[in-house]
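Any read-out appearing in this document is the output of simple, stated calculations on the displayed coordinates, not a laboratory observation. Being a predicted model, the structure only gives us computed values, none of them experimental. Because the Cβ atoms are built from the backbone with ideal geometry, glycine has one as well, and the counts that use them run over all protein chains shown.
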Amino acid sequence: MTLTSKTLLVLAALALAACNNPRTGGTFGGGGTDGFGGFNDGGIQSGMLGDPNDPNSVAHFQQRIGDRVFFTTDSSSLSEDGRATLNAQARWLSANPQFAILIEGHADERGTREYNVSLGERRANTVMQYLIAQGISAGRMRTVSYGKERPVEACPEQRCWDINRRAVTVVSGGRTS
Amino acid sequence: MTRYFLLLSILLLAMPGTILPAQAQPLRLQITEGVIEPMPFAVPAFVPENSAGSQFADALARVVAANLTNTGLFREVPREAHIARVTSFDAGVSFADWRAINVQALITGAVEVSGNRMSVKFRLFDVLSGQQMGQGMQFAGSTDNWRRMAHKVSDAIYSRITGEGGYFDSRVVFISESGPRGNRTKRLAIMDQDGENVQMLTDGRALVIAPRVAPAGDRAVYTSYETGSPRVALMNLATGQRQLVGDIPGAMTFSPRFAPDGRSLVLSAARGGNTDLYRLDLGSGQMLQLTASSSIATSPSFSPDGRFITFESDRSGTSQIYIMPASGGEARRISFGQGRYSTPVWSPRGDLIAFTKSHAGRFHIGVMRTDGSEERLLTASFLDEGPTWAPNGRVIMFTRETAGGDPALFSVDITGRNLRRVPTPGAASDPAWGPLQP
């Protein structure tokens, strides 16, 4: 590798790191993932979850509203429950415009690996489009698909597959105190 | 040279084979659909031609024996049963002693070591006819590569007896897995086809999945989450240098595959709930969109002549297998059985497509002809997926996961016989079989 291409790679890495840092403050998981494991993942972000009784807290979003919706096998259609959850998420996001979100799409383990990446993307996109329809700006949202790589619970049973077919809205940014 | 001798021996064998009665058939295994009786063979410890050679004399023979046995086509007559002792590579063979213990193929070898260089010789004998089969052969190289020399010997023997190309001197890139299932650590890794010489290629910090090896064996492509989102990564296997390629802004890119000339990739890009196939020229970085339907098109595979791409799509409602021209255009569906069909992989001979099928809660590895006919399921389990072809198109390796268990690599031959677990140091998935090494 030439010095120039090395320099380019370093620059590319820096640029990626810059893009990937959430705008301000923290990433609040709950998606069963460990964030973006990679070379640009050195920093630990922090932020306050707040009191779940405070309707504008991240804790409220995660615990009371629910940060995830579920899907049936091979489907990316929202259920009645899923739409209710997303309506409440949209209200919270409207009231807390300082937060950005990452929507993670996931599949259960009963499919092939790459197809499940596509399926997870389709699920994440369904959630994003629904939130856009509720008035949330597309600029605040990103999507990622983990396919079947990050199950919430790994057991060879229907009850696990049912909770693994999900899209999780991960809140980042916002207040730091 | 090698090829010439091989061809010659095959021709010589093929001719009398049609006239002679079964009893007098020369040493020849036809690999067919039917159950075959494994051919009994013997491989005594190689003869050390100097004292330094003795440390490899037995080991070389053991690797050859293991390779042949693992095909399911051969059965070793154990050392304890041997009557004759081979103490000189060039001395005459006492065929009667080998016939007496029902050996049909006898392999003798010799090894000489000086410093870190070694030379390995072998001969193959047809015990029933009392004749040498093909000429003796010699390989020379570094002692570090002693297993590879045993694999070369095995490939030559396998080829002479079956008339098929070998696959022992080849490597497999795969995903080595560790840690809790909800947050797996996955590393790109490479090993010999028999599970030896495992080497980690990535450090596990970024999730990596589904690698493929370049046709020349010099590079690998895979999907990496190092930026936080799926991206296609290209690695030079000799230097370990890697780079991300084929960026499509706003899209997740994954499922990369090399074209047969190694100069371009076909890959998937997902955005807006839709996954399409693109072709990436690795030299210029130019991208060409190959599919444009409002559905999923992924897991592509080139035909060996580079003219077509097979892939899976759910455009009909469920995942099925399609074939289209390599430059895009109309796709023809070839899978019509019950269930979902995924991960089509074109065989190196061009005649078959291997796939994953799921139906009624079970997963299968199967093969079909390129027009979708003669579908044959080779395996069945809780979760089998992701077939990859041995360089000779006779064996398929894949990922098997038992209910609640860790994933492991398995192989099966295309007749559905000889299902075997491929040893790996820990949990493993997504094998990608590389070419026969030069």
For a quick protection proxy, order the peptides B:206-213, B:100-107 by their average other-Cβ count within 10 Å, most packed first. B:206-213, B:100-107
Sequence neighbours fewer than 8 away in the same chain don't count; with that in mind, list the aspartates and glutamates whose C-alpha is under 13 Å from B:LYS121. B:GLU49, B:ASP90, B:GLU112
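Calculate for the protein assembly as shown the 222 nm mean residue ellipticity that helices alone would give, adding -39,500 (n - 2.57) per DSSP H run of length 4 or more and normalising by residue count, nearest 500 deg cm²/dmol.
Working: 8 runs with 118 residues, N = 615.
So the helix-based figure for the protein assembly as shown works out to -6500 deg cm²/dmol.
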Within the under-14-Å Cβ sphere about B:HIS151, not counting B:HIS151, Lys/Arg +1 and Asp/Glu -1 give a net charge of -1
Pick from B:VAL173, B:VAL86, B:VAL395 the residue whose mean-square fluctuation is largest in a GNM of chain B, springs joining Cα atoms under 10 Å. B:VAL86
Order these by the 10 Å Cβ neighbour count, fewest first: A:SER46, B:SER429. A:SER46, B:SER429
What are the radius of gyration and Dmax of the protein assembly as shown, computed over its Cα atoms and given in Å? 27.7, 92
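Rank by packing, highest mean first: peptides B:403-410, B:138-145, with packing defined as the count of other Cβ atoms within 10 Å averaged across residues.
On the way: B:403-410: 16.2, B:138-145: 14.0.
In decreasing order of mean packing, B:403-410, B:138-145 become B:403-410, B:138-145.
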Pairwise label distance in nanometres, B:ARG263 with B:GLN138, each label 7 Å out on the Cα-Cβ vector: 4.0 nm
Have a look at B:PHE46, B:VAL64, B:VAL77 and report the one farthest towards the positive end of the charge dipole of chain B, computed about the Cα centre with Cβ charges (Lys/Arg +1, Asp/Glu -1). B:VAL64
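Can you tell me how much longer the chain between B:MET200 and B:ASN50 gets when fully stretched, taken as 0.36 nm per residue apart minus their C-alpha distance, in nm with one decimal?
Details: separation 150, 0.36 × 150 = 54.00 nm, distance 3.56 nm.
Roughly 50.4 nm would be gained on extension.
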Using a Cα-Cα cut-off of under 15 Å, which aspartates and glutamates could be cross-linked to B:LYS357, ignoring same-chain neighbours fewer than 8 residues away? A:ASP74, A:GLU109, A:GLU114, B:GLU312, B:ASP314, B:GLU374, B:GLU375, B:ASP384, B:GLU385, B:GLU401
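Using the Kirkwood radius over C-alpha pairs as Rh, can you work out the diffusion coefficient of region B:170-436 via Stokes-Einstein at 4 °C, viscosity 1.567 mPa s, in µm² per second?
On the way: Rh = 18.3 Å.
Calculated translational D: 71 µm²/s.
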Counting other beta carbons within 10 Å of each Cβ, put B:ASP192, B:ASP97 in order, fewest first. B:ASP97, B:ASP192
Along the Cα→Cβ direction, 7 angstrom out, place labels at A:ALA95 and B:GLN286. What is the inter-label distance in nm? 5.5 nm
Over all residues in B:227-238, what is the mean tally of Cβ atoms on other chains that come within 10 Å of each residue's Cβ? 4
Cα-based Rg (one decimal) and Dmax (whole number) for region B:44-123, in Å? 13.0, 40
